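Trainee: To start, I am sharing the structure in question, which I have written as structure tokens.
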Protein chains: 2
Amino acid sequence: MPQFRQNFITNEWVIVAPERAKRPDQFAKEHEQRAKRAVHDANCPFCPGNEDKTPPATYVVNEGKSWRLRVVPNKFAAVNPDLIPKREPVGKFLSAEGFGIAEVIIENPLHNQSLATMPIDFMRDVLKTYKERYAALATNEHVNLVTIFKNHGPKAGTSLEHPHSQIIATPVVPPHVRYLLQQAILYHDTYGNCPHCVMLEEELKQKDRIIFEGKHFVTFCSFAARTPFETRIFPKRHSSRFDSITDEELDELAYALRTLLRKLYAGLNDPDYNFVISSSPTSDGELHYEHWRLVIVPKLTTPAGFEIGTGVFINTVPPEDCAKFLRDINVE
Amino acid sequence: MPQFRQNFITNEWVIVAPERAKRPDQFAKEHEQRAKRAVHDANCPFCPGNEDKTPPATYVVNEGKSWRLRVVPNKFAAVNPDLIPKREPVGKFLSAEGFGIAEVIIENPLHNQSLATMPIDFMRDVLKTYKERYAALATNEHVNLVTIFKNHGPKAGTSLEHPHSQIIATPVVPPHVRYLLQQAILYHDTYGNCPHCVMLEEELKQKDRIIFEGKHFVTFCSFAARTPFETRIFPKRHSSRFDSITDEELDELAYALRTLLRKLYAGLNDPDYNFVISSSPTSDGELHYEHWRLVIVPKLTTPAGFEIGTGVFINTVPPEDCAKFLRDINVE
């Protein structure tokens, strides 16, 4: 029986329609696994030896005389750090020069690696780098929002094979972000606590969408997941700012994200995916009603006209089934 | 120079980043045009002769002894008319049985036709049918929103080749829709008029994003278009309800939509696209601050992590360039 489910934070509705479902394993992609590619590509701007094809690095993790991770300004960025973010009218419309800072995190020297296949200490380097660059970009006086994300594979919007993630700092806090905060404020002012903390507690109580739980983080498919295998990694400790993460938490997050990605890699054959770390606007301080988190969206389905028009997603695999499928995959 | 632009209605920001641009014609898809396919497919449930493969029609346009358009309940619908839309708690979360009405408009008996290639009187039948079915479904006491949309091609989320569009009636009015209305209410209560009417007037004044203008409709790429060739067809007469459209307006809308689709077909080689007719919730009456419209989104780019996280789209082709490209294509 199809069912509407409401997202506890945004109040958006999702239709869970399992009658139309494939079995979870039918989403496994038929394609060459990335690990079978060459370890080095002479034409790749991110491969060792081609460092002059990128702007100078803003952050490097070295291993002996070589780098094992580099952060470089995005040469093909949609935003530009030399512009001025002042709002300017265009008739009755509003514009601003495209100020912003865009960096690429080159996650590994090896061309055919991915976060799912690289060793845990490399994963930790990546997350530690996210924290350092987030904190550094947040100090820019014109920056109000810092977004960390990864596009893995062509269906997720990237054409570059070399493992990388991105960070973009913008002067605008878009309504898409602010609307969630406003809903959370209403909840907080009504009930006196963080709606994300309440949601997490309820997910832990209902149990059937939890994939695994550690001391500091919970990895789960949420009650109103919009797409098959959409998964969240939530810190148990309330904080609205990703850069508040401690060293001990970084250790566990590296383990949790790597485990989740390995389960997806094994269960769905290296699917394309996006992930995003949502954190409060850097222009706000620590907020009682916002809760940073990592959301990963495997690109297995195509949003169509109904989703565009209504924002209501049709999810053909109940999140309970996705969570069970991922729980049952052993990647130790 | 990249530029932020704000959507006049939603206040969402778009980054127009032409430095990363392809030329408009580089989006032309390399694939077999649909018109080269067979006119009849014995395995297609929508082809003549297979009427027993769909539920009985709810609406038919005949030509002699044959049909030229059929509306049938969607056999694989995500919603079900026999359920009850009552909200039910699931612990602290909220759900409802998946009540809804989903119909498929089979636009033409010929398997290889498309709205861009069929004669104008068929296009008018399709739009007239949209109006009739919209009005019929709106009378259901549990229905609060009726969404008409078309998914054309696999990138737009359809696997069925036979030309068809869809209509889904739901009991929920999602925040995605209501948020726009709330922004419009604020504008209306501040300035005393419909923000969509003001936006249209401003687009006509600025001129450079207009593709063509008729007596009743304006076809244009908007100032803050989120993707290349995203185009709107706006009625000049203020009304929040699509089913208020008159016969004379239906004639012109058929011409406008067909002309736009033919320009896209010729200029971008039959691109995949979604279109949606947005109209006010059927549970509301005629609204002073809402304005029905048709929005078409060719599927030429892939939204990625940044778009998912922020709602800010990066558009690599300025809408002025898209409008000029489409203006210059002669399809008469």
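None of the figures in this text is laboratory data; all of them are computed from the coordinates on show. Owing to the predicted nature of the structure, the values given are computational and were not obtained by experimental measurement. We place every Cβ from the backbone using ideal geometry, glycine too, and count neighbours over all the protein chains shown.
Trainee: I'd like the mean, over residues of B:4-11, of how many other protein chain beta carbons sit within 10 Å of each residue's own Cβ. Write down the numbers at each step before the final one.
Mentor: Details: counts 16, 6, 9, 4, 3, 0, 4, 7.
Mean shielding by partner chains, rounded to a whole number: 6.
Trainee: Rule-of-thumb check for chain B: C-alpha Rg over 2.2 N^0.38 Å?
Mentor: On the way: Rg = 20.1 Å, N = 332, 2.2 N^0.38 = 20.0 Å.
Cα Rg divided by the expected 2.2 N^0.38 Å: 1.00.
Trainee: Turning to a different aspect of this structure: Can you give me the distance in nm between label points at residue A:189 and residue A:42, each placed 7 Å from the Cα along the Cα-to-Cβ direction?
Mentor: Calculated label separation equals 6.4 nm.
Trainee: Let me ask something else about it. Can I get the semi-axes of region A:216-332's equivalent ellipsoid? Compute them from the C-alpha gyration tensor as square roots of 5 times the eigenvalues, in angstrom, largest first.
Mentor: Taking √(5λ) for each eigenvalue gives 25, 21, 11 Å, largest first.
Trainee: Is the shape of region A:13-88 best called rounded, prolate or oblate, per the rule: a/c under 1.5 gives rounded, else a/b larger than b/c gives prolate, else oblate, with a ≥ b ≥ c the square roots of the Cα gyration tensor eigenvalues?
Mentor: Working: a/c = 3.06, a/b = 1.38, b/c = 2.22.
The shape class here is oblate.
Trainee: List, shortest first and in nm to one decimal, how far the label point of residue B:198 (7 Å from Cα along Cα→Cβ) is from its counterparts in the other copies.
Mentor: Distances between equivalent label points, in nm: 3.5.
Trainee: If you don't mind, there's one more thing I want to ask. Considering only the other residues whose Cβ falls under 14 Å of the Cβ of residue B:188, what net charge follows from Lys and Arg at +1 and Asp and Glu at -1?
Mentor: Details: positive: none; negative: B:189, B:284, B:286, B:290.
Taking every other residue near residue B:188 into account, the sum is -4.
Trainee: Grab the Cα-Cα distance for residue A:197 and residue A:92, subtract it from 0.36 nm times how many residues apart they are, and report the gain in nm with one decimal. Don't jump to the answer; show the numbers that get you there.
Mentor: Details: separation 105, 0.36 × 105 = 37.80 nm, distance 4.15 nm.
Net length gain for the segment: 33.7 nm.
Trainee: Which residue fluctuates the most in chain B, going by a Gaussian network model with Cα springs under 10 Å, if the choices are B:309, B:192, B:98?
Mentor: B:309
Trainee: Right, next: In whole percent, what relative contact order does region B:3-327 give with Cα contacts below 8 Å and a gap of six or more residues?
Mentor: Values: 643 pairs, mean separation 75.8, N = 325.
Worked out over region B:3-327, it gives 23 percent.
Trainee: Using a label point 7 Å beyond Cα on the Cα-Cβ vector, give me the inter-copy distances for residue A:142 in nanometres, one decimal, shortest first.
Mentor: In nanometres, ordered from closest: 5.4.
Trainee: In whole angstrom, how far apart do the alpha carbon centroids of region A:202-275 and region B:239-302 sit?
Mentor: Their Cα centres are 40 Å away from one another.
Trainee: Taking θ = phi - 60°, what integer Hz values does the Karplus form 6.51 cos²θ - 1.76 cosθ + 1.60 yield along region A:54-67, in sequence order, with x for Gly and Pro?
Mentor: Per residue, the Karplus-derived 3J(HN,Hα) values read 10, x, x, 5, 9, 6, 9, 10, 9, 9, x, 8, 10, 8 Hz.
Trainee: Looking at region B:86-183, which trypsin sites (Lys or Arg not before Pro) are DSSP coil and have at most 14 other C-beta atoms within 10 Å of their C-beta?
Mentor: On the way: sites: B:86, B:87, B:92, B:124, B:128, B:131, B:133, B:150, B:155, B:178; in loops: B:86, B:92.
Passing both the DSSP loop test and the Cβ count: B:86.
Trainee: Going 7 Å from the Cα of residue B:35 along its beta-carbon direction, which residues of region B:97-131 have the amide nitrogen within less than 17 Å of the resulting point?
Mentor: Backbone N within reach: B:108-123.
Trainee: Sticking with this structure for a sec: Straight-line reach from residue B:299: which lysines have a Cα under 16 Å away, not including same-chain ones fewer than 8 places off?
Mentor: List returned: A:155, A:299, B:22, B:29, B:150, B:155, B:263.
Trainee: Relative to the other copies, what are the label-point distances for residue A:51, with labels 7 Å from Cα along the C-beta vector, expressed in nm at one decimal and sorted shortest first?
Mentor: Spelled out, the distances from residue A:51's label point are 7.4 nm.
Trainee: I would also like to ask the following. How far apart, in nm, are two points set 7 Å out from the Cα along the Cα-to-Cβ line at residue B:331 and at residue A:26?
Mentor: Taking the two extended label points, one gets 3.6 nm.
Trainee: Also, I was wondering about something else. Can you return the aspartates and glutamates within cross-link range of residue B:207? Criterion is Cα-Cα under 17 Å, with same-chain partners fewer than 8 residues away left out.
Mentor: Correct list for residue B:207: B:230, B:320, B:321, B:328.
Trainee: Next up: In sequence order, what are the phi-derived ³J(HN,Hα) couplings for region B:226-243 according to the Karplus relation 6.51 cos²θ - 1.76 cosθ + 1.60 with θ = phi - 60°, rounded to whole Hz, with x for glycine and proline?
Mentor: So the Karplus estimates, Gly and Pro as x, are 7, 9, x, 6, 4, 9, 10, 10, 10, x, 6, 6, 5, 7, 8, 10, 4, 6 Hz.
Trainee: May I pose another question? Rank A:213, A:307, A:203 by mean-square fluctuation in a GNM of chain A with C-alpha springs under 10 angstrom and give only the top-ranked residue.
Mentor: Result for chain A, Cα springs under 10 Å: A:307 fluctuates most.
Trainee: Along the axis that rotates chain A into chain B, which residue of chain A has the nearest beta-carbon, and what is the gap in whole Å?
Mentor: Residue and rounded Å distance to the axis: A:179, 3.
Trainee: What FRET efficiency do you get for residue B:50 and residue A:159 if R0 is 45 Å and r is their Cβ-Cβ distance, rounded to the nearest 0.05? Mind dumping the intermediate values first?
Mentor: Working: r = 41 Å, r/R0 = 0.91.
Once rounded, the FRET efficiency stands at 0.65.
Trainee: If each DSSP helix of 4+ residues adds -39,500 (n - 2.57) and the sum is divided by the residues in chain A, what number results at 222 nm, nearest 500 deg cm²/dmol? Before the final figure, lay out each step's value.
Mentor: Working: 6 runs with 85 residues, N = 332.
After summing the helix terms and dividing by the residues of chain A, the value is -8500 deg cm²/dmol.
Trainee: So, one more: Express as a percent, rounded to the nearest 5, the fraction of DSSP beta bridges in region A:60-126 (both residues included) that run antiparallel.
Mentor: 90 percent
Trainee: So, one more: Which of the lysines could a cross-linker bridge to residue A:205, judged by Cα under 21 Å and excluding same-chain residues fewer than eight apart?
Mentor: A:215, A:236, A:324, B:92
Trainee: Let me ask something additional. Between B:93, B:313, B:275, where does the largest GNM mean-square fluctuation fall for chain B, given springs only between Cα atoms within less than 10 Å?
Mentor: In the Gaussian network model the winner is B:93.
Trainee: Loop-only check: which chymotrypsin sites (Phe, Trp or Tyr not before Pro) in region B:7-85 are DSSP coil with at most 15 other Cβ within 10 angstrom? If you can, show how the numbers build up before the last one.
Mentor: Working: sites: B:8, B:13, B:27, B:46, B:59, B:67, B:76; in loops: B:8, B:46, B:76.
In loop regions of region B:7-85 (DSSP not H, G, I, E or B), the sparsely surrounded chymotrypsin sites (Phe, Trp or Tyr not before Pro) are B:76.
Trainee: What does the net charge come to around residue B:234 if you take all other residues with beta carbon closer than 9 Å to its beta carbon, with K and R at +1 and D and E at -1? Walk me through the numbers before you get to the answer.
Mentor: Values: positive: B:232, B:236, B:293; negative: B:203.
Spelling it out: positives minus negatives among the neighbours equals +2.
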